[in-house]
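Worksheet: the structure to be examined is printed underneath.
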Amino acid sequence: MQVSHHKDTSAPPIPPPLIVLGATITGVIIDRLVGVKRSPSPFLRIIGYTVSILGGSLMASAAFAMLRCGNSPDPRTPVQRLNQSGVFRWSRNPIYLGMLLNQLGVGLVRRSLATVGLVPVSLALLVQKVIAGEEIYLASRFGDEYAQYCEQVPRWFRGIGSRAS
């Protein structure tokens, strides 16, 4: 059942990529200003690149799933259908999860404690400034269908957090 809504998009006040990119760059700058010097670690680089590749793959898979469903990955455009296929079967926010994994990966590759430490800040900003508005928008647009989806699929990933979050 489709419910009437007052706006056609969730249009976040801050573009989600800017939140994560800003925190990543801020972390790198903080490390440079503080003068943190760390010796290279091949192990951390491999882990960091792996995490970043996983994040990028998750984002790409989610974007393709959205396009196949007739939606745009751009949150400024109206959602045509509720996407419950592909990676959206396991996570309601796979693109944002991928962005956070990329930030973590960059922090590991650069051995930047500040960049890694700012991942929870990026997470909090995404939840408060982006996801909260998207959830209100999707609930008003798709009603019971979205409520059932939220009951079945966790915000982040199966096994991480509760389904009702």
Enumerate the pairs (first residue in the stretch 81-93 and hydroxyl-bearing (S, T, Y); second residue anywhere and assigned to a helix (DSSP H, G or I)) with beta-carbon separation below 9 Å, excluding pairs fewer than 6 apart on the same chain, so at least 6 apart or on different chains. S85/A65; S85/R68; S85/C69; S91/L58; S91/A62; S91/L97
With the requirement that a residue be closer than 12 Å to L82 by Cα and open to solvent by less than 40 Å² (accessible area, probe 1.4 Å), what does the stretch 141-156 give you? R141, F142, G143, Y146, Y149, C150
Could you go through the stretch 48-66 and let me know if any residue there is among the β-branched types (V, I, T), surrounded by fewer than 17 Cβ atoms within 10 Å (Cβ to Cβ) and either in a helix (DSSP H, G or I) or at pLDDT 95 or above (or both). yes
Applying the selection to the stretch 19-47, what residues are part of a helix (DSSP H, G or I) and open to solvent by 80 Å² or more (accessible area, probe 1.4 Å)? L21, I25, I29, R32, L33, V34, P42, F43, R45, I46
Tell me, which residue of the stretch 67-83 that is open to solvent by 50 Å² or more (accessible area, probe 1.4 Å) and outside any loop (DSSP other than H, G, I, E, B) is farthest from L21 (Cα to Cα)? R68
Evaluation of I131 against (1) within 15 Å of the chain's Cα centre (by Cα); (2) more than 30 Å from S41 (Cβ to Cβ); (3) open to solvent by 20 Å² or more (accessible area, probe 1.4 Å) (one fails), failing number: (3)
Which residue pairs have Cβ atoms under 6 Å apart, sit 6 or more places apart or on different chains, and have a first residue in the stretch 127-148 that is closer than 13 Å to N93 by Cβ and a second that is modelled with pLDDT of 95 or more? L138/Y146
Subset of the stretch 90-116 [under 15 Å from the mean Cα position of the chain (by Cα) and open to solvent by 50 Å² or more (accessible area, probe 1.4 Å)]: W90, L104
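The values are calculated or read from the model by the stated rules, or taken from the named source; none is laboratory data. Quantities reported herein were computed from a predicted structural model and do not represent experimental measurements. A quick note on method: Cβ atoms are made from the backbone with ideal geometry, for glycine too, and the neighbour counts reach across all protein chains shown. The protein model used for the area step is the full one, side chains on, heavy atoms only, and it has no ligands, DNA or RNA in it. Shrake-Rupley method; radii C 1.70, N 1.55, O 1.52, S 1.80 Å.
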